[in-house]
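Here is the structure we will look at, set down as structure tokens.
The values are calculated or read from the model by the stated rules, or taken from the named source; none is laboratory data. What you see is a predicted model; the values in this text were computed from it and never measured. Methodologically, a virtual Cβ is constructed for each residue, glycine included, from the backbone with ideal geometry; neighbour enumeration extends over all protein chains shown.
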Amino acid sequence: MGKGKEEGFLKKLAKQLNISDRVDFLGFQQNPYRYMLHSTVFVLSSLYEGFPNVLLEALALGVPSIAARCPTGPEEIIADGVNGLLVPPADEKSLAEAIKRLLTDEALRKRLGEAGKKCAEDFRVAKIIKEYEAVIEGVCAESAAK
């Protein structure tokens with residue numbers, strides 16, 4: 001899904017790999033969640049991330065997820081083997097093994113999907129606002145005490 005400068009290259013690559021009949025390029029989608037919801041596995045193979053909202057969205061939908069253990073981001077959300085799987089960045093072999101593991105282990109997919117939903121609850125707006133308020137109140141109280 002989406003549009004970008006690599007689209008032409010990716011379409012050409014799919015053709016060269018003889019997988020064009022198994023790859024759909026859907027372009028920009030106003031509601032990507034209807035596709036994500038029906039996914040068997042979600043994979044975030046980024047080399048760098050800030051806070052990967054898309055990973056949290058997949059977890060909230062209960063999609064078993066795999067992410068690269070970037071310097072920041074995915075490891076702040078996923079506990080490896082608990083609510084998702086983490087692999088080393090730029091390690092295609094480990095990524096392929098993790099994908100195969102999830103595709104062939106229905107019980108693991110189910111367990112990680114359920115745990116992912118619970119994990120996503122920790123990032124709900126109301127909960128995060130309360131955490132920000134507590135930090136701000138603590139700083140204010142500390143400043144007032146000086």
If we scan the range 77-90, do we find a residue that is in contact (Cβ under 8 Å) with a residue 24 or more places away in the chain, touching a Phe, Trp or Tyr at 6+ places or on another chain (Cβ under 8 Å) and of a type in the set (A, V, I, L, M, F, W, C)? yes
Quickly run through the range 101-139 and pick out the residues that are in a helix (DSSP H, G or I) and among the aromatic types (Phe, Trp, Tyr). Tyr132
In the list Ala79, Ala68, Ala58, which residue meets the criterion of being at pLDDT 95 or above, in the same structural domain as Ala107 (by TED's automatic domain parsing) and over 10 Å from the mean Cα position of the chain (by Cα)? Ala79
Exclusive hit being surrounded by 13 or more Cβ atoms within 10 Å (Cβ to Cβ) and small (Gly, Ala, Ser), set Gly81, Gly116, Gly138, Gly50: Gly116
Please tell me if Gln16 is at pLDDT below 95, of a type outside the set (Gly, Ala, Ser) and farther than 19 Å from Lys118 by Cβ. no
Quick check on Phe28: is it surrounded by 12 or more Cβ atoms within 10 Å (Cβ to Cβ) and assigned to a loop (DSSP other than H, G, I, E, B)? no
Being of a type in the set (Gly, Ala, Ser) and assigned to a helix (DSSP H, G or I) narrows Ala98, Ala67 down to just Ala98
Select from the range 82-106 the residues that are under 13 Å from the mean Cα position of the chain (by Cα) and over 20 Å from Leu61 (Cβ atoms) and list them in ascending order. Val87
